[in-house]
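Every number here is computed from the coordinates shown, using simple stated rules; none is lab data. As the structure is a prediction and not an experimental result, all values here were calculated from the model. Using ideal geometry, Cβ is built from the backbone for each residue, glycine included, and neighbour counts are taken over all protein chains shown.
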Amino acid sequence: MKYQSQKVAYAYFLVAMALFAIQVLGGLLAGWIYVSPNTLSELVPFNVVRMLHTNALIVWLLLGFFGAAYYLVPEESERELFSVRLAYIQLAILVVGTLGAVVSYLVGIHGGREFLEQPLWVKFGILVAAVIFLVNISMTVLAGRKTAITNILLMGLWLLSLLWIFAFINPDNLSLDKMYWWFVVHLWVEATWELVMAAILGYLMLKMTGVDREVVEKWLYVIVATALFSGILGTGHHFLWIGTPGYWQWVGSIFSTFEVIPFFAMMSFAFVMVWKGRKNHPNKAALLWSLGASTVAFFGAGVWGFLHTLHGVNFYTHGTQITAAHGHLAFYGAYVAMNLAMFSYAMPQLRGRDPYNQVLNMASFWLMTGGMAFMTFVLTFAGTIQTHMQRIVGDYYMDVQDQLGLFYMMRFGAGAAVVLGALLFIYSQLVVRREVIAPGPIATPGE
Amino acid sequence: MSEILTKSRARNVFYGGSLFFVVVFVAMTVHSHRYIVETSTAGMPLTDEVRLGKHVWERASCINCHTLHGEGAYFAPEVGNVMTRWGVLDDPEGAYEMLDGWMQAQPSGIEGRRQMPHFDITEEEMRGLAEFLRWADQTDTQDWPPNDAG
Ligand code: HEM
Ligand code: HEM
Ligand SMILES: [Fe+2]
């Protein structure tokens, strides 16, 4: 850590990890309600549990991005942050807003647009926090060295904040409501967040592999170009059956197919950089998470996304467990794992230690990734059966669900592994242990 | 390749191309907006009752269990075509009565069956909700869902 102000990232990462724990515990509870539906049904019904699960996810990912920006921008810009105090004020607003939202949900006060259920005052809080953040980061970048990494990172963060405006726009016409809703949801995860992801990945590669900045930055521009060229019109894959014109079927199918390219490019980029890099960076856990994130993102977003994106397929799979399978692996690979890569890289330095607890951290990678992969598989099987029975044969929804109990049990098991992995990760970051590399007995050649 | 594709060239392609796609996207959205208002949802007027129903739908956060036009949660049945399934698409009074009867019977309390909560909804709101669901059902969704099961 070269600059004092990078330290604010630490507070962001701590809050993010706490919410991560809440998110996966909420998910596990939701998964349990699928297995045993009477659980808490009068006290905290499924819809509230689900809101807590998805909202906690989105907020902690954003906190991770903010923290990552506060960590890497000073190094890239070669100067201290514009204002450390503003960064803490921003965090305080977000924490108050988050707690406020949780309490509101539990007492039954919430909006009714999926993922955007926050009460209006919380939405405003998020807007104010975003503005503070943008001012703080932009002032730092403008005053310092400009690099492709900060360029792309800033552009992503500015655009995603601008898109947040659509969280306030809720037309009475349901089809219009749905169309503009996707401006936040799709244009976040399949456009602007990809810029943030690419910038963070580029930074990590630059630091850990020692490859030339020129090479990294050129790759980055190519990656983000393919992301926006495909992702913007790719929004059409959600404009198929909500009252929008028929031409979106072809526009959506074609451009969202191209959306696979940036995810493939990010995976290739990560592997090529590691392969070409001469540096042998000691933080093996951060390297594992970086490679893992870009690989799982390719499968979750690229492969599982393509699986149901052509309109001839989506006509049958739309809104089934196939969607849930894809949503989980895509979010996990692209944004959860990339955040955890950044945490793994930055935490040892923020805490002034050398890489620590590498083994536990790496074990948590395999546990979480294995759990998410298994969950994705079982939900894909459940969704395939659901699609066939409900959409082709025409059996009634609830009758079909009754046939899927086994898959939901396995999903719960997979979820338990993910929760264990997440707790292990947090433990490995917080409970610092010395890297025990006791000198072993001098190897003696065989007899 | 490295001579043709320099960093600054890659950057310019990125900015220029993105701007191009944003412009195309905005133009298509404007057209889609008008298409929705004038064509696909024009089958039934967007009355105050429908508006009220939409607010009730949101207040109860139905979307976090059900899908509506295939979007939402996957815990409970599709409701974008529920009025068709109940055979009351063109019958406001029947729609209200079916919906009211259903909502009052929740939660079912049946062991091992997914539970729908009880909501405090006035009669006026319930009528609005029924109208909202009828309104949604008459939207031209390019013939989705494939069948009445939703
Ligand atoms: C990291 C990037 C991505 C994330 C985080 C993500 C996440 C999600 C989520 C959460 C949903 C469900 C939204 C809802 O509640 O209705 C969804 C739907 C969908 N995604 Fe993605 N996605 C990503 C990338 C992609 C890509 C690259 C493709 C195509 C190649 C794709 C294709 C789709 C399709 C077709 C749907 C609609 C499913 C349906 O009809 O029910 N996604 N995505
Ligand atoms: C302990 C592990 C987890 C379990 C058991 C779990 C379970 C669930 C359940 C039951 C739902 C509701 C599905 C429905 O509507 O029927 C859900 C939704 C969702 N979860 Fe998880 N989850 C877990 C972890 C995660 C993780 C790690 C992520 C992020 C990577 C995540 C992201 C989401 C998203 C985006 C949705 C909304 C999906 C959509 O609308 O398509 N979950 N989860
Ligand atoms: Fe999308």
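Structural descriptor for the range A:325-419: relative contact order 37 percent, calculated from alpha carbon pairs under 8 angstrom and at least 6 residues apart. Computed from Cα positions, the angle between helix B:48-59 and the longest principal axis of chain B comes to roughly 80 degrees. Note down the Stokes-Einstein diffusion coefficient of the range A:282-434 in µm²/s, whole number, using a Kirkwood radius over alpha carbon pairs, 25 °C, and 0.890 mPa s. Estimated diffusion coefficient is 148 µm²/s. Based on alpha-carbon atoms, the Kirkwood radius and the radius of gyration of the range A:282-324 give Rg/Rh equal to 1.24. In terms of its alpha-carbon gyration tensor, the protein assembly as shown comes out prolate; a/c meets the 1.5 threshold, and the first ratio a/b outweighs b/c. Across the range B:12-29, rounded Karplus estimates of 3J(HN,Hα) from the backbone phi angles (6.51 cos²θ - 1.76 cosθ + 1.60, θ = phi - 60°) give 5, 4, 4, 5, x, x, 4, 4, 4, 5, 4, 4, 4, 4, 4, 4, 5, 5 Hz, Gly and Pro being marked x. Note the angle between two axes, namely the Cα long axis of helix A:148-163 and the longest principal axis of the Cα atoms of chain A, as a number of degrees from 0 to 90, rounded to the nearest 10. Computed tilt is about 30 degrees. Residue by residue, the range A:373-380 carries 3J(HN,Hα) couplings of 5, 4, 4, 4, 4, 5, 5, 5 Hz when phi is fed to the Karplus relation 6.51 cos²θ - 1.76 cosθ + 1.60 (θ = phi - 60°); x denotes Gly or Pro. Ordered by the count of other Cβ atoms within 10 Å of each Cβ, fewest first, A:E80, B:E123 give B:E123, A:E80.
Partners of A:K2 within straight-line reach, counting aspartates and glutamates whose Cα lies under 19 Å from its Cα and excluding those fewer than 8 residues away in the same chain: A:E75, A:E76, A:E78, A:E80, A:D354.
Each residue of the range A:322-328 was assigned a 3J(HN,Hα) from its phi angle through the Karplus expression (A = 6.51, B = -1.76, C = 1.60, θ = phi - 60°), giving 4, 4, 5, 4, 4, x, 5 Hz with x at Gly and Pro. Along its three principal directions, the equivalent ellipsoid of chain B from the Cα gyration tensor extends over semi-axes of 42, 20, 14 Å, largest first. Taking a 31 Å limit on the Cα-Cα distance, which of the listed pairs A:K7/A:K178; A:K123/B:K7; A:K218/A:K279; A:K279/B:K7 fall beyond it? The answer is A:K7/A:K178; A:K123/B:K7.
If I take every Cα pair under 8 Å that is 6 or more residues apart in the range B:64-120, average their sequence separation and divide by the length, what percent do I get for the relative contact order? Let's see the in-between values first.
Working: 51 pairs, mean separation 9.7, N = 57.
Normalised by residue count, the contact order of the range B:64-120 is 17 percent.
Sort out for me the Cα centre separation of the range B:119-135 from the range A:277-318, rounded to whole Å. Centre-to-centre distance over Cα atoms comes out at 43 Å. Fully extending the segment from A:D354 to A:F306, taken as 0.36 nm per residue of separation minus the present Cα-Cα distance, adds 13.2 nm.
Please state the relative contact order of chain A as a whole percent: Cα pairs under 8 Å, 6+ residues apart? Let's see the in-between values first.
Numbers: 637 pairs, mean separation 65.1, N = 447.
Computed over chain A, the figure is 15 percent.
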